[in-house]
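Only the coordinates and a few stated rules stand behind these numbers; no lab work does. As the structure is a prediction and not an experimental result, all values here were calculated from the model. Heads up, the Cβs are rebuilt from the backbone with ideal geometry, glycines too, and the neighbour counts pull from every protein chain shown.
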Amino acid sequence: MSALRLMGGLAAALVLAASPALAQKKYDPGASDTEIKIGHSIPYSGPASAYGTIGKAIASYFKKVNDEGGINGRKVNFISHDDGYSPPRTVEVVRQLVEQEQVLFVFNTLGTPTNTAIQKYLNAKKVPQLFVATGASKWGKPKEFPWTMGWQPDYATEGALYAKYILENIPDAKIGLLYQNDDFGKDYVEGVKRGLGEKNMSKLVASVSFEVTDPTIDSQIIQLKGAGANVFINTATPKAAAQAIRKAAEIDWKPTHFLTNVSSNIQTVLIPAGPENAKGIITADYRKDASDPQWANDKGVADWRAWMAKYNPDANVADQNYVYGYAVAQTLEGVLRAAGDNLTRANVMKEAASIKDLQLPMLLPGIKISTGPNDFYPIEAVQLAKFTGKTWELFGKVIESRPE
Amino acid sequence: MAGIDKNLRWAGIVLLLAILLPFIPGVSDYRIFQLTLVLVYAIALLGLNVLTGYNGQFSLGHGAFYAVGAYVAAIMMDKWGMPYYATVPAAAVVCLVVGFLFGLPALRLEGHYLALATFALALAVPQMLKHKSIEYWTGGVQGIVIIKPDPPFGLPLSQDQWLYLFTLFVLAILFLCAWNLLRGRTGRALVAIRDHHMAADTMGINTALYKSLTFGVSAMYTGVAGALGAIAIQFVAPDSFTILLSISLLVGVVIGGLASIPGAIFGALFIVYTPNIASDISKAAPWAIYGIFLIVFMYLMPTGIWGGLRKLAAMIRARRNAS
């Protein structure tokens with residue numbers, strides 16, 4: 001009897017000893033029972049400070065998450081520093097985040113040169129550089145940089161999608177391409193060529209570049225018209241994009257006009273270019289435009305508005321950066337919830353690379369976020385929209401393009 | 001001579017403390033990296049101080065020479081696989097030549113006009129670095145990523161500790177050279193040109209040559225700083241060398257103390273740490289806080305931090321003598 005009791009006692013003790021091991025919590029620096037520390041850097045000052053609202057949006061999104069009880073019972077401690085869009089400064093603040101403030105990982109750092117400056121350091125330290133805020137196509141290379149991941153559709157993918165649409169819908173297309181002579185522009189060129197494929201390359205009748213510092217791009221537009229293009233892919237940044245739209249109208253060139261998502265802002269590009277001239281232009285987007293009346297009764301937009309009213313009462317609701325910050329923070333929230341109590345850097349990266357068909361309320365219906373061990377491009381689909389003279393009107397289906 | 005010995009003794013003590021600094025327990029690699037940046041900026045500030053403080057020529061464009069030095073180092077390491085230490089003398093030579101050549105036409109410009117000409121240089125350089133004709137070398141907007149050097153001979157140091165000591169070594173040599181240059185005939189000639197150009201001419205100083213050479217030497221110091229900075233940051237891109245860098249350097253020179261060698265260290269501490277402190281105080285308006293710091297410093301220490309410290313020391317000495 002006593003032997004039996006002893007056995008039972010032993011068994012109970014074994015179970016007690018084993019059960020914490022089953023649900024063992026694992027932490028790397030920056031994670032604990034009560035907190036998850038996340039590092040971030042963005043220009044709050046300097047010439048690129050307009051992007052700073054993304055940082056404010058992310059901070060206030062996590063404030064909402066914390067008010068509602070946090071993630072798996074842990075509060076998010078979002079530490080955001082100003083880097084003024086200066087790469088040396090980014091290196092300094094990111095090292096501060098990793099080495100002094102001991103964050104679990106770095107999230108949504110903004111800018112291509114700034115992220116390039118910290119990529120090698122973070123990968124050497126094995127600290128995730130998650131969902132960086134840049135559309136360059138070089139952030140999805142898990143073989144070279146297993147700790148770096150992008151988020152938004154990259155520029156090359158966007159270019160490929162325009163090409164794909166043109167091939168399917170405009171059989172006699174003669175394409176004229178305008179691009180900025182830098183990495184940003186070259187990403188588009190590469191994407192358009194990829195979308196066309198070898199056998200359709202002859203449809204690209206002219207591709208003309210300009211310098212970001214050029215005062216006007218009139219001669220480039222005349223050149224494109226002269227080449228006989230009836231399709232115009234305009235990948236210029238806002239100022240030049242507006243000039244291109246205006247000039248095309250002036251010389252009475254009426255191609256089917258595709259405009260990069262970067263320059264699709266109505267207030268800053270299309271109105272200055274003349275809304276009449278911009279009518280019929282096609283662009284691609286993946287986010288809902290909260291000011292668009294078609295979302296008036298949309299649950300996702302209503303929730304977003306409620307969040308804006310409560311947490312960002314002074315903010316400009318027309319600023320799409322608040323949509324961006326909200327959506328990217330939600331993506332991260334999903335990853336951290338999935339990581340559960342295993343908050344190691346490796347597991348956060350593993351969860352980030354195993355998102356399956358996540359639909360976010362502020363992304364267009366049908367756009368799903370998916371990643372895999374070899375797919376570090378979370379959003380790869382967009383929907384086309386046509387400018388009516390007042391707003392962007394979505395048309396067609398969501399189209400997808402997986403980067404090769 | 002006793003004064004000189006005393007100065008050297010003090011410099012030796014400070015140098016010794018600086019060598020020991022990274023080995024204090026609890027000083028993280030991040031802190032050492034920050035201190036390395038302080039040393040880098042101190043070299044650049046010393047270069048600008050030779051020009052502005054001693055010779056009275058204003059430059060709003062030293063960020064350009066800093067950028068040239070940084071790119072020389074990055075291109076040599078990335079394209080030619082040269083070791084990091086070889087890039088420092090190369091950056092020095094390139095910037096000496098570039099600075100001297102820029103100094104020749106700039107001679108015709110005095111005071112504010114020279115400030116504007118150098119300002120133009122600082123504005124132009126980041127854009128020139130993006131130009132497609134040299135993109136193969138500079139990497140265009142994307143810049144160049146370089147690999148951080150490991151300590152030699154298998155020394156048990158971290159990369160940051162080693163780079164700090166290497167930078168300190170370069171700094172010590174350059175400070176000694178500057179001190180040697182400025183305390184003698186040449187230094188007196190530079191100051192004479194600053195104080196009264198025409199009188200200096202009459203005394204037989206070749207002002208044109210001196211001014212261009214000063215420009216060259218000043219650019220050389222700043223270029224060496226640029227090379228060391230690039231190695232510490234491991235990355236160069238046009239966006240790293242905006243006009244703000246040039247202005248920060250000028251701020252550092254004035255805050256540290258014009259026409260003083262130790263002033264460069266204090267100026268460097270100011271330009272590295274003030275933006276951090278400012279953004280800790282206010283995320284919304286860090287530059288407003290920075291501005292307040294600037295005004296307070298200028299008001300309390302009109303001759304810079306080094307000037308202020310000397311004045312304080314003199315006051316204490318006077319009080320001690322009186323009692």
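Descriptive notes on the structure:
- Computed E for B:LEU15/B:ALA208 - FRET, C-beta separation, R0 41 angstrom, nearest 0.05: 0.65
- Here the 3J(HN,Hα) profile of the range B:227-239, calculated from phi with Karplus coefficients 6.51, -1.76 and 1.60 at θ = phi - 60°, is 4, 5, x, 4, 5, 5, 7, 6, 6, 10, 7, x, 5 Hz, Gly and Pro shown as x.
- The charge dipole of the protein assembly as shown, taken about its Cα centre with unit charges on the Cβ of Lys, Arg, Asp and Glu (plus for the first two, minus for the last two), comes to roughly 1340 debye.
- Charge dipole (the range A:67-187, unit charges on Cβ, about Cα centre) - positive-most of A:SER137, A:GLY73, A:GLN119: A:GLN119
- Charged side chains reduced to their Cβ positions (Lys and Arg at +1, Asp and Glu at -1) give chain A a dipole of some 740 debye around its Cα centre.
- Above 39 Å, the calculated P(r) of chain A contains 24 percent of its Cα-Cα pairs.
- Listed residue (B:GLY229, B:LEU190, B:LEU37) projecting farthest to the positive dipole end of the range B:28-242, Cβ model: B:LEU190
- Cut-off 15 Å between beta-carbons: net charge of the residues surrounding B:ALA284, Lys and Arg +1, Asp and Glu -1: -1
- Oblate is the label for the range B:112-194, because a/c, from the alpha-carbon gyration tensor with a ≥ b ≥ c as root eigenvalues, is 1.5 or above and a/b does not exceed b/c.
- For the set A:LYS164/A:LYS199; A:LYS120/A:LYS368; A:LYS56/B:LYS283; A:LYS64/A:LYS350; A:LYS239/A:LYS288, the pairs lying more than 20 angstrom apart at their alpha carbons are A:LYS120/A:LYS368; A:LYS64/A:LYS350; A:LYS239/A:LYS288.
- Charged neighbours of A:TYR121, selected by a Cβ distance under 9 Å, balance to +4 (K, R count +1; D, E count -1).
- Ranked list, fewest to most other Cβ atoms within 10 Å of each Cβ, for A:SER60, B:SER158, B:SER59: B:SER158, A:SER60, B:SER59
- Prolate/oblate/rounded label for chain B (Cα gyration tensor, a/c 1.5): rounded
- Angle between chain A longest axis and helix A:238-250 axis [Cα atoms, degrees, rounded to 10]: 30
- Efficiency of FRET from Cβ geometry, A:GLU190 and A:LYS143, R₀ 25 Å, rounded to 0.05: 0.85
- Computed FRET value (nearest 0.05) for A:ASN316 with A:VAL398, which takes r as the C-beta separation and R₀ as 22 Å: 0.20
- Amide hydrogen proximity for A:ILE36: with H placed 1.01 Å from N in the peptide plane, the residues at 5 or more positions away or on another chain lying under 5 Å are A:LYS75, A:VAL76, A:ASN77.
- Average beta carbon contacts from partner chains per residue of B:230-238, 10 Å cutoff: 5
- Shape call, the range A:297-367: gyration tensor on alpha carbons, a/c limit 1.5: prolate
- Packing-based order for A:37-45, B:83-91, using average beta carbon neighbours within 10 Å, highest first: A:37-45, B:83-91
- A:TYR61, B:TYR273 arranged by Cβ crowding within 10 Å, fewest neighbours leading: B:TYR273, A:TYR61
- Inter-chain Cβ neighbour average for residues A:78-88, partner chain, 10 Å: 5
- Helical content of chain B, expressed as a calculated mean residue ellipticity at 222 nm, amounts to -25000 deg cm²/dmol (DSSP H runs of 4 or more residues, -39,500 (n - 2.57) each, divided by residue number, nearest 500).
- Relative contact order of chain B, taken over Cα pairs closer than 8 Å and 6 or more residues apart, is 31 percent.
- Of the residues A:THR157, A:ALA249, A:SER291, the one whose Cα sits farthest towards the positive end of the charge dipole of chain A is A:THR157 (charges of +1 on Lys and Arg Cβ, -1 on Asp and Glu Cβ, taken about the Cα centre).
- Relative contact order (%) - chain A, alpha-carbon pairs under 8 angstrom, separation at least six: 16
- Think of each Lys and Arg Cβ as +1 and each Asp and Glu Cβ as -1; about the Cα centre, that makes the dipole of chain B roughly 900 debye.
- Estimated at 0.36 nm per residue, the fully extended path between A:ASN230 and A:LYS125 surpasses their Cα-Cα distance by 32.7 nm.
- Each Cα pair of the protein assembly as shown feeds into the Kirkwood radius, which the Stokes-Einstein equation turns, at 37 °C and 0.692 mPa s, into a diffusion coefficient of 115 µm²/s.
- Per residue of A:91-102, other chain Cβ atoms within 10 Å of the residue Cβ number 4 on average.
- Put simply, when B:115-122, B:237-244 are sorted by average Cβ atoms within 10 angstrom per residue, most first, you get B:237-244, B:115-122.
- Counting neighbouring beta carbons within 10 Å and listing from fewest to most, the residues B:ARG185, A:ARG345 come out as B:ARG185, A:ARG345.
- Extension gain from B:GLU110 to B:LYS311, taking 0.36 nm per residue of separation minus the Cα-Cα distance: 69.2 nm
- Considering only alpha-carbon pairs that sit under 8 angstrom and 6 or more positions apart, the relative contact order computed for the range A:134-219 is 30 percent.
- Crossing angle, helix A:183-196 versus chain A [Cα axis fit, 0-90 degrees, rounded to tens]: 80
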